[in-house]
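A short write-up of the structure that comes next.
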Amino acid sequence: MNNAAKPVKLKDLTKTFTTATRGEVKAVQQVNIDIQPGEFFTLLGPSGCGKTTLLRMIAGFEMPTSGQILIQDQDVSSKTPDKRDIGMVFQNYALFPHLNVFNNIAYGLKLKKVPKDEIVKRVHIALNMVQMDDFAERVPSQMSGGQQQRVALARALVMEPSVLLFDEPLSNLDAKLRVHMRDEIRRIQKKIGITTVYVTHDQSEAMAVSDKVVILKDGIVQQVDTPQRVYQHPANEFVANFIGKANILDGKIVESTETRAKVEIRGVVFDVPVYKKRAKGTDVRVVVRPESVLVGKQGFTATVTKSVYMGTTQDYRLKFEAWDVEISDNNPTSKRVYDEGEEMAFSFDPDSIHVL
Amino acid sequence: MSIQETGVQSLKRNKFSEYFQQMRFTFRDPILLVSVLSVLIVVVMFILIPLFTILKESLFHQGKLSLYHYNEIIRLPYNLDVIWNTIKLGLSVSAVGTFIAFIFAYAITYLKIPSKRLFKILSVLPMISPPFVISLAAILLFGRSGLVTRTLLGIRTDIYGFWGLMLTQTLSFFPIGVLMLTNLLQNIDPSVEEASQALGASQWKVFTTVTLPLMIPGIANAALLIFIQSLADFGNAIVIGGNYTTMAVQIYQQGIGSYDMAGATALAVLLLLISMLGFILQHQVIGKKSYVTVTGKAAKDRVLIRNKKATIPVYTFCMAISILVMAMYALVPYGAFVRLWGVDYSLTWRWMKYVFTIGMPYIVDSTILSALSTPIAVILGLVSAFIIVRKTFPGKRLLESSILMAIALPGTVMGLGYVLTYNTPPLILTGGSVILVVALVIRSMPVGTRSAIAALKQIDPSIEEAATVCGASSNKVFTSVTIPLIKPVFFSSLAYAFIRGMTLVSTIIFLVSAKWQMLTVAIMNQVDQGLYGAANAYCLVLIGIVGLVMGAMSLILKKMSIDLGAGY
Ligand SMILES: Nc1ncnc2c1ncn2[C@@H]1O[C@H](COP(=O)(O)OP(=O)(O)OP(=O)(O)O)[C@@H](O)[C@H]1O
Ligand SMILES: [Mg+2]
């Protein structure tokens, strides 16, 4: 099925809503994205950043104010959603309440006038794929949310679309099921290798499933990258803060080459990896993840203001000059635990410091 | 300054091109374009243009712009009487009708009493019966040769006039109020009232300090609705009004009786204005979002009131009215077999034979025309609701308000509008069957649109979008997803449109011709001539046809397990 996967290209895509109450709302601004065939591509961002709008433009439900959407290098602007060869899974499942599971999944195939025995075969393959083999006769109201969402997924998959779109498909499910279902979605997506655009505001979900993530804020692209790079090398403070926790501190470049730099942070100099050369004396902001703070290592000292045992980690908050430094100390059982009010010495792992 | 101006101008142009683009996007789909256009054309041609024609004609006299026709109204005391009659009647019927409706609704939702099913059925009955069954029965009971007045009491009083109209209109229109208020009362969360009780309020106090205040918007709404119905009522008013002429009747008598269409227009405009005022007020009341609708469906069942001080008087009251209404409904079929009401009560087949021979064309025409208009009205109703709820296109607001407004349009005004508009070139429709079908469609479609709008708003649009991404074209989405999802509304629209077609009298009385006749008009003519036996027989046949069709439909529906009452 991999041969069906197609690339999706968004060119200068912009959407402005004209509303009575809020005037012009720039929901999506000048978005340029290349999505590779078979890629699992996630749109991530806080509520109202334009994820749904972007997805619905790809689907063809919203008209772009300007810009182009290319699927397999073909501009689809003039096509209605039913002609775009897409599959879509909605947040609220959107199963047809008057049809049973079989007929829900068969709906699109019947429209295409696929022969009857082939419909039966394909529906059962789809049901098997989402592990719902025994549910063919059920109606939507007799199923749990997770089961309904599996059926919705099967309904989208059975059409073998060239692009699969998800709009927060898991946000109506409870936390445990959410984790399970996202792994299912990823497993199935990998198996059939379909180009997938996935919307979520949950960063751990995005990290877990995506080949690539785009982070949006107020309709503007902040960063497009793999999950690892987004986490380790956030493009700006917004991304750093949005993806996981981040300590953001001030620093100064002492000297720099193309690949490494000496950065002075509060009197301590670190030799850190960088991606471009900066002039000596430049003020910079640096990002240090809580788990990259080395507890007990000489460098800085500060007072512990909060100490919480989390099981796999011991989490601290320190009052360090004007900042609150968050620390996540791995595997605490074998280590010394600091109490609130104690002084702690700490430092950073130089290779994990990221200069913005 | 000039920079600013050009800025504004370019912004405007931008807006326009943006708008234009949006339209092109929406109408990528030719079927949608066709649907929007057809609904727009129907609304413009058969609602807006006729009204406009009336307004135009009312402002011209002998080819010149003038207020002559309005002056005539003020000049002739008779016309002022007619206006006052209409308003007085409307207010009285509205007050009494709302009161009865509230008691019925309260009894049905709050009290522990028997016969609730009867009360519920009774409250829908007048809506599905011809408009003058009640009037006819009132004449049979209290008329010059009435059962009560002449045969029992031996008096020769006259029911024709204000009191007769008051009685028949109240009995005809209070059920609409019952339906509406029952819905609202059911939506009051019982815990609000329980909270009041827990704070020490007696049941009476709960009623006066919580239930009643919560219901005030609903009661106002019901009162306005009944008021509008009374204004528009033609069937009862012409049959039982006697010398007490209302505007709806006067428009007809002046326009058709005295061939003075132009003279009728000014009165029609006035009636229209009063109705519209009622309609607008009503929508403002609804717009104020009564507290009741916010809470939605009641979370749990209400503990019914068993206090005998409340249940006994309320039950007696409801039962008395129910018996009256039932007696009236029973009288008409009985009267169909009575030789000469008031004089000779022996049984005869004469009237039934009469309607099935001489009256046959009326029966056939009425049934054919209603059957023709039903699917058209239903499809237009659903399609218009669909595009109003789900799509954006130019003129949408106008379309929506025109259709909803049409619910409140008095039938005689519409009739006058059609005659004025479509008996002159460029398009002559009067005399044929087309205009009759048009009238039947326009008189039933708006109610279908309204209930379909309400139903569609309950359905998540993503279900339809899901069908679209599965490859369904927009008409496929409509037929395979939208309609099945609002099936109850679909079928009740069918029933409503057919009943409405069979029972309509006000609009079509302007439009019937020698070629095409209608059953209701035949009944009216018989009553006019005092031939109650034939009138009763016609009524019986009419009820029979409606009953047959409804029966067939509910049989089909039972197989599909759908509740016919849902959606209305
Ligand atoms: N039809 C519309 N008319 C006007 N404004 C709209 C419309 N749809 C979306 N918006 C606005 O556009 C912006 C982006 O909305 P969008 O639904 O794409 O956000 P989102 O990222 O999906 O948010 P969420 O995570 O809450 O679903 C918001 O400010 C929203 O209010
Ligand atoms: Mg969204």
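Taken together, the values in this text are just the output of simple stated rules run on the coordinates, not laboratory data. Remember, predicted model here, so these are calculated numbers, not experimental data. FYI the Cβ positions are ideal-geometry reconstructions off the backbone, even for glycines, and counts take in every protein chain you see.
Peptides B:192-205, B:332-345 ordered by packing proxy, namely the average of other Cβ atoms within 10 Å per residue, highest first: B:332-345, B:192-205. Listed from fewest to most Cβ neighbours within 10 Å, the set B:Asp81, A:Asp117 follows the order A:Asp117, B:Asp81. Across the stretch A:125-132, rounded Karplus estimates of 3J(HN,Hα) from the backbone phi angles (6.51 cos²θ - 1.76 cosθ + 1.60, θ = phi - 60°) give 4, 5, 4, 5, 4, 9, 6, 10 Hz, Gly and Pro being marked x. Relative contact order of the stretch A:245-355: 29 percent, from C-alpha pairs under 8 Å at least 6 residues apart in sequence. Most simply put, chain A has about 75% antiparallel DSSP beta bridges, counting only bridges with both residues inside it.
Computed on chain A, with alpha-carbon pairs under 8 angstrom and 6+ residues apart, the relative contact order is 16 percent. Sorted fewest first by neighbouring Cβ atoms within 10 angstrom, A:Ile248, B:Ile321 come out as A:Ile248, B:Ile321.
Take each uninterrupted DSSP H stretch in chain B, measure its Cα extent along the helix axis, and return the ones at 15 Å or beyond whose mean Kyte-Doolittle hydropathy is at least 1.0. Span-like helices, by this rule, are B:30-43, B:77-110, B:162-186, B:212-232, B:261-287, B:308-335, B:360-390, B:411-422, B:434-457, B:532-560. Per-residue extension of 0.36 nm, minus the Cα-Cα distance of A:Leu70 and A:Ala279, leaves a gain of 71.1 nm for this segment.
Inter-chain Cβ neighbour count for A:81-88, averaged per residue, equals 6 (cutoff 10 Å, partner chain atoms only). To the nearest ten degrees, helix A:101-111 and the longest principal axis of the Cα atoms of chain A are 70 degrees apart.
Each residue of the stretch A:49-66 was assigned a 3J(HN,Hα) from its phi angle through the Karplus curve 6.51 cos²θ - 1.76 cosθ + 1.60 (θ = phi - 60°); the sequence is 7, x, 4, 4, 4, 4, 4, 6, 6, 4, 5, x, 8, 10, 8, x, 5, 7 Hz, with glycine and proline shown as x.
For A:Lys280, the aspartates and glutamates whose Cα falls under 16 Å of its own Cα, not counting residues fewer than eight places away in the same chain, are A:Asp250, A:Glu255, A:Glu258, A:Glu264, A:Asp271. In this structure the amide hydrogen of A:Val89, modeled in the peptide plane, comes within under 5 Å of the amide hydrogens of A:Leu165, A:Phe166, A:Asp167, none closer than 5 places in sequence on its chain.
Beyond 28 Å in Cα-Cα separation lie the following of the pairs A:Lys51/B:Lys391; A:Lys217/A:Lys245; B:Lys88/B:Lys515; A:Lys79/A:Lys113; A:Lys110/B:Lys559; B:Lys64/B:Lys88: B:Lys88/B:Lys515; B:Lys64/B:Lys88.
At 222 nm, what helix-only mean residue ellipticity would chain B give, in deg cm²/dmol to the nearest 500, using -39500 (n - 2.57) for each DSSP H run of four or more? Helix-only estimate at 222 nm: -23000 deg cm²/dmol. When shorter helices are ignored and each DSSP H run of at least 4 residues is given -39500 (n - 2.57), the per-residue value for chain A at 222 nm works out to -7000 deg cm²/dmol. Applying 1/(1 + (r/R0)^6) with R0 = 56 Å to the Cβ-Cβ distance of A:His124 and B:Leu55 gives a FRET efficiency near 0.30.
For the stretch B:23-105, a/c is not less than 1.5, where a ≥ b ≥ c are the root eigenvalues of the C-alpha gyration tensor, and a/b does not top b/c. That puts it in the oblate class. Judged by the ratio a/c of the largest to the smallest principal axis of the C-alpha gyration tensor, the stretch A:207-356 counts as oblate, that ratio being 1.5 or greater while a/b is no larger than b/c. 3J(HN,Hα) along the stretch A:152-162: 4, 5, 4, 4, 6, 5, 4, 7, 6, x, 7 Hz, from the Karplus curve 6.51 cos²θ - 1.76 cosθ + 1.60 with θ = phi - 60°, whole Hz, x for Gly and Pro.
Rounded, prolate or oblate for the stretch B:67-335? Axes are the square roots of the Cα gyration tensor eigenvalues, ordered a ≥ b ≥ c, and the cut-off for rounded is a/c under 1.5. Note, shape of the stretch B:67-335 comes out oblate.
Electrostatic tally near B:Gly263: other residues with Cβ closer than 14 Å to its Cβ, Lys and Arg +1, Asp and Glu -1, net -2. Anyone know which of A:Gly251, A:Gly267, A:Gly67 comes out most mobile in the 10 Å Cα GNM of chain A? Most flexible of the set in this elastic network: A:Gly267. As I understand it, the value is the acute angle between the Cα axis of helix A:175-192 and the longest principal axis of the Cα atoms of chain A; what does it come to in degrees, rounded to 10? Value to nearest ten degrees: 70. Starting from the amide H of A:Thr305, placed 1.01 Å from N in the peptide plane, find each other amide H under 5 Å away whose residue is 5 or more places distant or on another chain. Counting only residues 5 or more places away or on other chains, the set is A:Arg317, A:Leu318, A:Lys319, A:Gly341. Taking other C-beta atoms within 10 Å as the exposure proxy, B:Arg24, A:Arg289, A:Arg278 rank B:Arg24, A:Arg278, A:Arg289 from fewest upward. When DSSP beta bridges are restricted to pairs lying wholly in the protein assembly as shown, around 75% turn out antiparallel. Charge tally around B:Gly431: other residues with Cβ under 14 Å, Lys/Arg +1 each, Asp/Glu -1 each, net 0. Amide hydrogen proximity for B:Ile305: with H placed 1.01 Å from N in the peptide plane, the residues at 5 or more positions away or on another chain lying under 5 Å are B:Leu111, B:Lys112.
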